[in-house]
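Every number in this text was worked out from the coordinates using simple rules, so none of it is lab data. Keep in mind it's a predicted model, so treat the numbers as computed, not measured. For neighbour counting, all protein chains shown are included, and Cβ atoms are generated from backbone atoms with ideal geometry for every residue, glycine included.
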Amino acid sequence: MINQQLINPRSIVVIGGSNDTTKPGGKVLKNLIDHNFPGKLYVTNPKEDEIQGIKCYRDPNDLPEVDLAILAIAARFCPATVDLLAKQKNTRAFIILSAGFHEESEAGAALEREIVDTINSVNGCLIGPNCIGVMNHHHTSVFTTPIPKLDPKGVDFISGSGATAVFIMEAAMTKGLSFSSVYSVGNSAQMGVEEVLQYLDETFDPATSSRVKLLYVESIDKPQLLLKHASSLINKGCRIAAIKSGSSSAGSRAASSHTGALASSDSAVDALFRKAGIVRCYGREELATVAAVFMHKPLTGKNIAVITHAGGPAVMLTDALSNNGLEVPHLESPELLAKLLPGSSVANPIDFLATGTAENLGDIIGYCENKFDNIDAMAVIFGSPGLTEVYDVYKLLDEKMKTARKPIYPILPSVVNVKNEIEYFLSLGRINFPDEVVFGNALAKVYNTPAPAGDAGLPAVDTKTIRRVIEGSDDGYLSPDKVQQLLDAAGIPRAGEAVVTTKEDAVAAARKLGYPVVMKVVGPVHKSDVGGVVLNVKDDETVAREFERMIKIQDTTAILLQPMLSGTQIFAGAKFEPKFGHMILCGLGGIFIEVLKDVQTSLSPVSAAEADRMIKSLKSYQIIKGVRGQEGVNEPAFVDAIVRLSALCEAAPEIAEMDINPLLGNEKGVVAVDARIRIEKNQK
């Protein structure tokens, strides 16, 4: 776990320091010196007596005790050096910049394991290896530039990639963002992104800690740890955005069910972030822009006033907001219009023309703040053609932002013409959004990301029966009778049915169920493709004839009969994703799931509120709701089926894939018409 020797060391040694600042050992020392590390600085190098004005120890054995060691030496020398420092110099924090470990070879992995074992034996902490380092307002232990403004109220940033961390910081700094801390975890030999986030959660102080966290993640090894601490931080008032790059190829492996085909490891990441309340981003500019949105007052409603002196950017911003679910409502105010220059418009966008003044802008902001009750925030676009300075406008904007109850987002696009004025604005602690469309998309993404899911509160299920069925079954698809037992134990309504292997039993079953009936083959995965589904069978003769035809279809072991029911075909399913657990899916059912691929996903356990959000987020939701006089689906019953499916998966983690397709839904309720369940007892 991260300790105070890493966060606020009294002394730092650079092992492998250099006078050559183009080398990591030279640059990290220079950064520490240039940014006035207040503690004691030591450096070792077997060939030097002084490095960058600091006494150099040729032999690490001669060092005094030291809190934090930064290693910039060849990988093969690191284990012995760590052992010496940890056991003889009371060093409890290590940053290893060097590469050549598990990312390179098995021999490197062995060196890495040896280092971790040593550090764990003294209850120390390790960042890296193969990283750029760590920095906060106490010390700048990185070998890269730029060094951003370091402020306890800035952004906490954790990155799995050193180079990407540099590029993201560059994108953020140009917008005016400052940083509270930066952790480049590299190989994550002892601690990865999840553990650093855990530390930020467990040490969070509402009076002093940053409330904005950014993550760049290439692999999520401990999703439940990430979920726990991200949710906890957000519930404490923090906001988190993350990039997860490198979608796993596991998602494209062959799958034998609809759920298996539609659910991937990347959709598991989506579900994890959504459940935690993390805003998912896909690029550096988007992440930096979302972070900049976070640094403003939270947006509490979807109605935005677009205030501009340039028509084009206002139209593009309006499109970006409107296309992503935010509103730019129509406004009217003859009183405000009379205060503006002739030709201005207050309809929203509020356009006060290229000749508009700081006074005009002040009047508009005042009306949006105090008189337009249907406005929740303001986006102010103000650049310059380069004719005059605009210091007065940006000064007024800063003053209004200090007093306004509603968020004001400054979009200052003239980064060349008014470069000096923008630098002045940023020097006041403000942030600039130079691109209106990137801003609009980011603002909508922040607004549309749900809060962390609370306790699922799953319904009670017959766990005893579920365990008996699972433990008495082999890996593979369960027989229809066992599927029925699991559905009943979970409390998921199902249609009456019979599984038969003779023509005579088929006729008898059809009479008992009541005509008309549906006949389906048992065995083939995609029944419709092989002619294995017959609808609306109305008499004994047809039952007998279709039985004789269908039983001959390849891989068929029996025939399933069910009463012919009416309603909308919907779908619910589950798939186990290693490390993440079960993904629960829902959407339209039947063939539409293959054609439309319109599904929503959540990680189990799924609460009723999450299930309701899943249903309402479907593109096909209007069909489920009922459209053009067609009967809709009982949504509470659909929610209940999804939640009970989640409860079944919690009781039976051996479920690898499960389809209930279709669930038949109407205004009265939902009924499982067909279901398949495959189990794997060794999945993790």
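Take region 103-205, drop everything but the C-alpha atoms, weight them equally and run the Debye formula without solvent; then report log10 I(q)/I(0) at 0.15, 0.19 Å⁻¹ to two decimals.
-0.65, -0.96
Just to confirm the filter: which chymotrypsin sites (Phe, Trp or Tyr not before Pro) across region 266-351 are DSSP coil and have at most 14 other Cβ within 10 angstrom of their Cβ?
Loop-located and lightly packed - Y282.
Based on the Cβ-Cβ distance from R58 to S245, what FRET efficiency comes out when R0 is 41 Å, to the nearest 0.05?
The computed FRET efficiency comes out at 0.45.
Just list whichever of K222/K297; K175/K402; K236/K302; K464/K681; K302/K597 have alpha carbons separated by over 27 Å in the model shown.
Exceeds cut-off: K222/K297; K302/K597.
P(r) of the chain in 20 Å steps, Cα pairs, percent per bin?
Over the chain, the share of Cα pairs per 20 Å bin runs 16, 37, 31, 14, 2, 0 percent.
Among 80-90, 181-191, how do they line up from the highest to the lowest mean number of other beta-carbon atoms within 10 Å?
Highest-to-lowest ranking by the protection proxy: 181-191, 80-90.
Taking every Cα atom in region 285-368, find the radius of gyration and the maximum pairwise distance Dmax, and write them in Å.
Using the Cα atoms of region 285-368, the pair Rg, Dmax is 13.8, 41 Å.
Near the amide H of G154, under 5 Å away, which other amide H atoms are found, from residues 5 or more places off or on another chain, if H is placed in the peptide plane?
Sorted by chain and number, the residues that satisfy this are S180.
From the mean inverse distance of alpha carbon pairs (Kirkwood) and the Cα radius of gyration, derive Rg over Rh for region 304-430.
0.93
Using 5 Å bins from zero, what percent of all Cα-Cα pairs in region 4-130 falls into each bin?
2, 12, 23, 25, 21, 12, 5, 1
Angle, helix 503-513 long axis vs. longest principal axis of the chain, Cα atoms, 0 to 90°, nearest 10?
For helix 503-513, the angle is close to 80 degrees.
Calculated from DSSP H runs of 4 or more alone, at -39500 (n - 2.57) each and per residue, what is the 222 nm mean residue ellipticity of the chain, nearest 500?
Dividing the helical sum by the residues of the chain leaves -11000 deg cm²/dmol.
Taking the highest mean first, how do the peptides 500-509, 565-574, 110-119 order by number of other beta carbon atoms within 10 angstrom per residue?
Taking the mean over residues of other Cβ atoms within 10 Å, the ranking is 565-574, 110-119, 500-509.
Work out the FRET efficiency for L341 and T501 from their Cβ-Cβ distance, taking R0 = 60 Å, and round it to the nearest 0.05.
0.10
Please list the non-local residues whose amide H lies under 5 Å from the amide H of C281, H modeled 1.01 Å from N, same-chain partners needing a gap of 5 or more.
A242, I243, K244
What is the magnitude of the charge dipole of the chain about its Cα centre, with +1 placed on the Cβ of each Lys and Arg, -1 on the Cβ of each Asp and Glu, and no other charges, expressed in debye to the nearest 20?
500 debye
By how many degrees, between 0 and 90 and to the nearest 10, does the Cα long axis of helix 284-294 differ from the longest principal axis of the chain?
Here the helix axis deviates by roughly 80 degrees.
To the nearest 0.05, how large is the calculated FRET efficiency for R511 and K597 if R₀ is 56 Å and r is the Cβ-Cβ distance?
Result of the calculation: an efficiency of 0.90.
What nm value, rounded to one decimal, do you get for the distance between A460 and T21 when each label is placed 7 Å out toward the C-beta?
7.1 nm
Out of every Cα-Cα pair in region 453-598, what percent are more than 19 Å apart?
For region 453-598, the share of Cα pairs beyond 19 Å comes to 63 percent.
Cut-off is 10 Å between beta-carbons; in what order do V595, V418, V606 appear when sorted fewest neighbours first?
V595, V418, V606
Please give me, ordered by residue number, the trypsin sites (Lys or Arg not before Pro) of region 511-570 that lie in loop per DSSP and have at most 11 other Cβ atoms within 10 Å.
K552
So for each of 217-230, 653-666 I average, over its residues, the number of other beta carbons within 10 Å; can you give me the resulting order with the highest mean first?
Going from most to least packed, we get 653-666, 217-230.
Mind checking the full-extension length gain between K482 and K228? Use 0.36 nm per residue of separation minus the Cα-Cα distance, one decimal, nm.
The span from K482 to K228 would gain 88.0 nm if fully extended.
Length gain on complete extension for the stretch D474 to S219, per 0.36 nm per residue less the alpha carbon to alpha carbon distance?
88.6 nm
At what distance in nm do the modelled label points of R545 and A110 sit from each other, each positioned 7 Å from its Cα along Cα→Cβ?
7.5 nm
May I ask for the angle, rounded to the nearest 10°, between helix 106-121 and the longest principal axis of the chain, with both axes built from Cα atoms and the value confined to 0 to 90°?
Tilt relative to the chain: about 70 degrees.
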